[in-house]
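Have a look at the structure below, then the notes.
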Amino acid sequence: KVPLVKDMNQDEYVAVGKILRQGYEVHGYFPHQFCIASLVCAIHGRGEVSEELLHISCCNFLGPNTKTVIERIFTDKEITNEDRETLISISNDFKSGTFASFETSWLKYAISELLDKPNPAFQGLALDFLSEDPNFKTGETIKEYLSSLKPERLAVKRALKPSKIQSHTEQRAFDDLKKYVMELNDTRLDRFLRFTTGTNRLDKNTHIEVH
């Protein structure tokens, strides 16, 4: 997830920044999986990164299973022994079992992983050109914009167009394909779109012809 890419030097970050700029300014394309908190920090500075954005971004950064654990802890305001084992596998800072200490450690962890560690990337990506763009004006508009780029299953299903159905077997195969698309998770949906269209961005004019 950009810019949390390991083993890249400053020149490589600069190259990625140029690609992002070219993609957005010329083609209107921006990767929707860009970490929101990191992106806000890269464009506007860490002072504009709210705790809410840090929380959302860090949950997504950790993956769905850990996200479920974190959200349950914040809802129930208590930590089970099983939760503690999951948290310690992330960081030893979560050894304490109290919810109050967890809140503090969680914020510290999010800042470290999403703002401090990728700081060299922010400088190399040079995304300050986006600061006046309406889509990137604030943390909230950035979150809404990236969310709008995510391909929805129903939209992908509607984009599927059969070239010509001549038999019941072909119709059933096409129906099975639509059912398959509706059952894909986000990662597999991205891969399906990249395979069929060359990009994971789907606009209203995109059609996927099925032969």
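What the table shows:
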quantity	calculated
Subset of the stretch 77-113 (residues that are free of Cβ contacts under 8 Å to residues at least 12 places away in the same chain, assigned to a helix (DSSP H, G or I) and open to solvent by 80 Å² or more (accessible area, probe 1.4 Å))	Asn81, Glu82, Glu85, Ser89, Asn92, Glu103, Thr104
Tally, over the stretch 126-180, of residues that are over 30 Å from Asp11 (Cα atoms), β-branched (Val, Ile, Thr) and modelled with pLDDT of 85 or more	1
Residue within the stretch 150-167 that is within 21 Å of the chain's Cα centre (by Cα), assigned to a loop (DSSP other than H, G, I, E, B) and either surrounded by 14 or more Cβ atoms within 10 Å (Cβ to Cβ) or among the polar types (S, T, N, Q) (or both) present	yes
Hits in the stretch 39-55 (condition: part of a helix (DSSP H, G or I) and either among the hydrophobic types (A, V, I, L, M, F, W, C) or more than 13 Å from Leu130 (Cβ to Cβ) (or both))	Leu39, Val40, Cys41, Ala42, Ile43, Arg46, Gly47, Glu51, Glu52, Leu53, Leu54, His55
Qualifying residue in the stretch 129-143 (condition: among the hydrophobic types (A, V, I, L, M, F, W, C) and either within 13 Å of Leu54 (Cα to Cα) or not in a helix (DSSP H, G or I) (or both))	no
Considering residues of the stretch 98-123 that are touching a helix residue (DSSP H, G or I) at 6+ places or on another chain (Cβ under 6 Å) and at pLDDT below 85 only, the residue nearest to Asn65 (Cα to Cα)	Pro118
Cys58 vs. criteria under 26 Å from Pro134 (Cα atoms), open to solvent by 10 Å² or more (accessible area, probe 1.4 Å) and within 17 Å of the chain's Cα centre (by Cα)	no
Filtered residue count, the stretch 143-172, keeping only those that are among the aliphatic types (A, V, I, L, M) and more than 24 Å from Gly198 (Cα to Cα)	1
Matching residues in the stretch 65-76 - criterion: being over 22 Å from Ser38 (Cα atoms) and either polar (S, T, N, Q) or open to solvent by less than 50 Å² (accessible area, probe 1.4 Å) (or both)	Val69, Ile73, Thr75
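The values are calculated or read from the model by the stated rules, or taken from the named source; none is laboratory data. Computed from a predicted structure; not experimentally measured. Note that we place each Cβ from the backbone using ideal geometry, even for glycine, and neighbour counts take in every protein chain shown. Accessible surface areas use protein heavy atoms only, side chains included; no ligands, DNA or RNA. Shrake-Rupley method; radii C 1.70, N 1.55, O 1.52, S 1.80 Å.
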